[in-house]
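S.K.: Pasting in a structure now, in structure tokens, and then I'll have a few things to ask.
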Amino acid sequence: MPMIAVNIVKILFAASLYGFLFFLARAMRAHLAGPAPLAKPFRDEPSRHAGGAVPPPSPEPLRLEVTTGEGAPSLVPITDRHVIGRGATADIFIDDEYSSARHAVFDVAEGAVWVEDLGSTNGTTVDGTRIIGRTRVGVGMTVEVGSTRVTVR
Amino acid sequence: MTARTESAFLAAAALVAGGGTAVVTVAAGEGVTIDAPIAVLAFLMAFGGVLAAVRVWAPRGTRFLLPPVALLAALGSVEIFRIDRDLGRLQRLWLLVAAGVAVITLGLLRTRGTVVLRRFRYLFLAGALILLLLPLLPSGLPLGGATVNGSRLWVQLEVGRRTLSFQPGEGAKVLLVVFFASYLAERRHALAALPRRLGPVALPEPRQLLPILLAFGLSSGVLVYEGDLGASILLFGVFVVMLYAATERPFYLAAGGALVAGGAWAASRAFGRVAVRVEAWLHPFEHYTGSGYQVAQGVFALGDAGLLGTGLGSGSPYLIPAAATDFVFVAIVEETGLAGGFAVLAAFGFLLTVGVGIALRAGGAFRSLLAMGLSITLALQTVLIVGGVLRLLPLTGVTLPFVSYGGSSLLANFAIVALLEQISHEERA
């Protein structure tokens, strides 16, 4: 190949590599800065960077405070049906040997949180009482799933 | 990043592979051959398959892992094809097989998740030890060991008239990381306790030092009986970093460092081949006609590179012994220059960032340690071989993950990608 062609190809090849890396870095930055784009409702908290762009959620969404073992509790906004368990397909994943893979399901209706056991081995309790069927959980009440405590906030 | 963006990155990597291949054949005066479209097709099939498996079986897996892997594989396959056409075609085939391994791994873990691996940990340990011992089988049997360049790392399996060679150590590496993660997740509290004191230094109970000494013994065994410095350092290094990650006790880093320093000093005294490596590293030009030839050729190739290199297909990387495996980084730098070298390192930087991010967000100690161990395996391997060919470290014959030629290496590293995607899928909020 003539020298000029070699040089053009060299520059194009390097440009394509760095173009790839640039767009990858940009996509990663957008992912870290913006609201989580994945279909994972409990991570979908309003971005702190967005300023006034995000309208304040109304009414105040209900949250589940999930505490497993000695770890710090994690807050999960509840908007829809969320299956809790230690299986890979659970929406709220808990690392809890005493829970089942798909242990129970939470949902929101009539402004309250409801829970229903999904045929788990160790059962589900609300404030110490084992539940049968879909049960209403008021704010401040605690659901036990295996050794995990879930409190409605 | 959306599904479309991720696919676009993988398609772009396939085009880099095809475009690079076309440049290589044009530079050789052959015009654009059938190899370029075949390379694009092989990449689309391999990464499309892995992507589909991830989206179906681990839909919440990160979208940032496959793009850097695809870019590295593309650069590697172009440069391997440039050095040796037949190796380049074989590497494409291995890429498809490796993608199959990733798909199978994801499929096997799709319902029960990575946690199920804990149940089989002693099976994995036994499997890893058997794989590590396989090359010591006598040569000549239908399944026998083989000595290549003084290291006994290879196993040859005779199927009819053909001989299949593979490096079982690559598979052992992944199995051992799974075992370490499972073991450390359970024992980390006992290991983190430092109840004894020696002056200002807090020490663990002496019996808690047994695991680190066993790991050191295993690594030394690999060095003594198989003559493999790279695998030996890799195994021990990964174990020490995982031990540190599990316990958060710098004591273990110091203890591991002291063992490596002592072991390295003893090995350079006791084993001729380690002393030769050190000598070739420090004074390659004094041993130019002998042990220093490879390192010296690597230095010449680097010196030829400049900012943009000689151009794909216009350099002479084939002059370096083992250019397609150990020295593939130097071959890439010779032909694409400092720019290409930094692009490779940046892609590894992305890979490590994403891997450690998965480890930090993973639910539970086992998943976290597994993701950390797998990421560190890739990172340490990269540092060892890139440092080795750049003369920052003595040369150790480990592969550059996803870039070097080698079926066993690609298979093992794609299994790592599948495991990382699965852990990422299982992460909690």
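The values are calculated or read from the model by the stated rules, or taken from the named source; none is laboratory data. Fair warning: this is a prediction, and the values are worked out from it, not measured in the lab. Every residue, glycine as well, gets a Cβ built from its backbone with ideal geometry; the counts of neighbours run over all protein chains shown. For accessibility, only protein heavy atoms count, side chains too; no ligands or nucleic acids. Shrake-Rupley method; radii C 1.70, N 1.55, O 1.52, S 1.80 Å.
S.K.: Looking only at residues that are hydrophobic (A, V, I, L, M, F, W, C) and within 11 Å of chain A (Cβ to nearest Cβ) in segment B:413-429, which one is surrounded by the most Cβ atoms within 10 Å (Cβ to Cβ)?
M.R.: B:I423
S.K.: Given the criterion open to solvent by 10 Å² or more (accessible area, probe 1.4 Å) and either within 14 Å of chain A (Cβ to nearest Cβ) or not small (G, A, S) (or both), identify the matching residue among B:L393, B:L410.
M.R.: Only one candidate qualifies: B:L393.
S.K.: Would you tally the residues in segment B:307-333 being closer than 19 Å to B:G20 by Cα and more than 20 Å from the chain's Cα centre (by Cα)?
M.R.: Count: 12.
S.K.: In this structure, does B:G349 turn out to be closer than 26 Å to B:V56 by Cβ and open to solvent by 10 Å² or more (accessible area, probe 1.4 Å)?
M.R.: When the stated conditions are applied, B:G349 does not pass them.
S.K.: Something else now. Look at B:I212 and say whether it is closer than 13 Å to B:F251 by Cα and either hydrophobic (A, V, I, L, M, F, W, C) or open to solvent by less than 10 Å² (accessible area, probe 1.4 Å) (or both).
M.R.: Spelling it out, B:I212 is indeed closer than 13 Å to B:F251 by Cα and either hydrophobic (A, V, I, L, M, F, W, C) or open to solvent by less than 10 Å² (accessible area, probe 1.4 Å) (or both).
S.K.: So which of B:G388, B:G315, B:G364 ends up being more than 18 Å from B:P68 (Cβ to Cβ), facing chain A (nearest Cβ under 10 Å) and not polar (S, T, N, Q)?
M.R.: B:G364
S.K.: Cβ-Cβ under 6 Å, sequence separation 6+ or interchain: first residue in segment A:1-29 and closer than 21 Å to B:L72 by Cβ and at the interface with chain B (Cβ under 7 Å from one of its Cβ atoms), partner surrounded by fewer than 19 Cβ atoms within 10 Å (Cβ to Cβ) and basic (K, R). Which pairs?
M.R.: none
S.K.: Read through the list (1) at pLDDT 95 or above; (2) surrounded by fewer than 23 Cβ atoms within 10 Å (Cβ to Cβ); (3) within 19 Å of B:I423 (Cα to Cα); (4) at the interface with chain A (Cβ under 9 Å from one of its Cβ atoms), then give the number of the only condition that B:V103 fails.
M.R.: Just one mismatch for B:V103, condition (4).
S.K.: If I filter segment A:17-38 down to residues being open to solvent by 50 Å² or more (accessible area, probe 1.4 Å) and modelled with pLDDT of 90 or more, which single residue comes out as farthest from B:E6 (Cα to Cα)?
M.R.: Filtering segment A:17-38 for residues that are open to solvent by 50 Å² or more (accessible area, probe 1.4 Å) and modelled with pLDDT of 90 or more, the one farthest from B:E6 (Cα to Cα) comes out as A:Y18.
S.K.: Have a look at B:G290, B:G303 and point out the one that is open to solvent by 30 Å² or more (accessible area, probe 1.4 Å), part of a helix (DSSP H, G or I) and free of Cβ contacts under 8 Å to residues at least 12 places away in the same chain.
M.R.: B:G303
S.K.: Say we look at segment B:195-209 and pick out the residues that are part of a helix (DSSP H, G or I) and closer than 14 Å to B:T247 by Cα; which of these is least open to solvent (accessible area, probe 1.4 Å)?
M.R.: So the residue we want is B:Q208.
S.K.: Continuing with this model, one more query. Under 7 Å by Cβ, and 6 or more places apart or on different chains, what pairs join a residue from segment B:117-138 that is over 17 Å from B:E186 (Cα atoms) with one that is open to solvent by 70 Å² or more (accessible area, probe 1.4 Å) and in a helix (DSSP H, G or I)?
M.R.: Between residues of segment B:117-138 that are over 17 Å from B:E186 (Cα atoms) and residues that are open to solvent by 70 Å² or more (accessible area, probe 1.4 Å) and in a helix (DSSP H, G or I), the close pairs are B:L136/B:Y225.
S.K.: List the helices (runs of 4 or more DSSP H) inside segment B:1-89, counting only whole elements, that have at least 1 residues being away from every other protein chain (no Cβ under 13 Å), surrounded by fewer than 18 Cβ atoms within 10 Å (Cβ to Cβ) and of a type outside the set (A, V, I, L, M).
M.R.: Counting at least 1 such residues, we get B:35-57.
S.K.: Can you go through B:A258, B:A231, B:A264, B:A185 and tell me which one is closer than 23 Å to B:L370 by Cβ, modelled with pLDDT of 80 or more and either open to solvent by 50 Å² or more (accessible area, probe 1.4 Å) or in contact with a Phe, Trp or Tyr (Cβ under 8 Å, 6 or more places away or on another chain) (or both)?
M.R.: After ruling out the rest, the residue left standing is B:A185.
S.K.: Go through segment B:274-287 and report how many residues are touching a helix residue (DSSP H, G or I) at 6+ places or on another chain (Cβ under 8 Å), open to solvent by 70 Å² or more (accessible area, probe 1.4 Å) and part of a helix (DSSP H, G or I).
M.R.: Qualifying residue count, segment B:274-287: 0.
S.K.: Condition (residue is within 14 Å of chain B (Cβ to nearest Cβ) and in a strand (DSSP E or B)) applied to segment A:109-121: is it met by at least one residue?
M.R.: So far as segment A:109-121 goes, no, none of its residues is within 14 Å of chain B (Cβ to nearest Cβ) and in a strand (DSSP E or B).
S.K.: Of all residues in segment B:1-38, how many are without any contact (Cβ under 8 Å) to a residue 60 or more places away in the chain and within 14 Å of B:L71 (Cβ to Cβ)?
M.R.: Result for segment B:1-38: 6.
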